[in-house]
Amino acid sequence: MIINSAKELKVYKAAYKLAMEIFEISKTWPLEERYSLTDQIRRSSRSVCSNLREAWAKRRYEAHFISKLTDSDGENSETDTWLDFARDCGYLSIANHNRLTEKCRSAGKMLGSMLKNPESFILRL
């Protein structure tokens, strides 16, 4: 199967869905968190997808591709950290925390697999 866009990747779809779930859940958080936790978790969760799209656009150059994938993986890890803060501040139930962090782990595994085997994604001219 030929993949023509990063949007077709399973990891992109999963990360996008997670970012949207986080957006919806974070709407219920206290207003005093608007410019801290809420903004941070929304930004990092969305950055997983945007960095993945940048990686895809740079897949002609393996080092650039790996660099942007690494950024995507880092943003995914940051999102996981913010989910811990949301749980510990009482904004996120343990059940929702477990569900969302499992989605982070899953995306991280897929990104890790891409990082270990970038050659299958690199454009060869």
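Details
- The residue pairs whose first member lies in segment 14-31 and is within 11 Å of Leu100 (Cβ to Cβ) and in contact (Cβ under 8 Å) with a residue 40 or more places away in the chain, whose second member is crowded, with 17+ Cβ neighbours inside 10 Å and aliphatic (A, V, I, L, M), and whose beta carbons are closer than 6 Å, counting only pairs six or more residues apart or on different chains, are Ile22/Ile41.
- Of the residues Asp80, Asp88, the single one that is within 12 Å of the chain's Cα centre (by Cα), more than 14 Å from Leu115 (Cβ to Cβ) and either among the hydroxyl-bearing types (Ser, Thr, Tyr) or modelled with pLDDT of 95 or more (or both) is Asp80.
- Among the residues of segment 78-125, those that are among the polar types (S, T, N, Q) and in a helix (DSSP H, G or I) comprise Thr79, Thr81, Asn96, Asn98, Thr101, Ser106, Ser113, Ser120.
- Any hit, segment 27-48, residues being closer than 18 Å to Lys109 by Cβ and of a type outside the set (S, T, N, Q): yes
- Neighbours by Cβ (under 9 Å, 6+ apart or cross-chain): first from segment 96-125, at pLDDT 95 or above; second of a type outside the set (D, E, K, R) and not in a helix (DSSP H, G or I): Leu100/Leu92; Met110/Leu9; Met114/Leu9; Met114/Phe121
- Within segment 21-34, considering residues that are surrounded by fewer than 11 Cβ atoms within 10 Å (Cβ to Cβ) and in a helix (DSSP H, G or I), the one nearest to the chain's Cα centre (by Cα): Glu24
- Members of segment 8-20 that are touching a helix residue (DSSP H, G or I) at 6+ places or on another chain (Cβ under 9 Å), in a helix (DSSP H, G or I) and either aromatic (Phe, Trp, Tyr) or under 17 Å from Leu123 (Cα atoms) (or both): Tyr12, Tyr16
- Among residues of segment 51-77 that are at pLDDT 95 or above and in a helix (DSSP H, G or I), those with a beta-carbon under 7 Å from a residue that is hydroxyl-bearing (Ser, Thr, Tyr) and crowded, with 18+ Cβ neighbours inside 10 Å at least six positions away or on a different chain give the pairs Asn51/Ser72; Leu52/Tyr12; Leu52/Ser72; Ala55/Ser72; Glu75/Ser44; Glu75/Ser47.
- Any hit, segment 63-74, residues being of a type outside the set (Val, Ile, Thr) and loosely packed, with under 13 Cβ neighbours inside 10 Å: yes
The values are calculated or read from the model by the stated rules, or taken from the named source; none is laboratory data. This is a predicted model, so every value here is computed, not measured. Cβ atoms come from the backbone with ideal geometry, glycine included; neighbour counts cover every protein chain shown.
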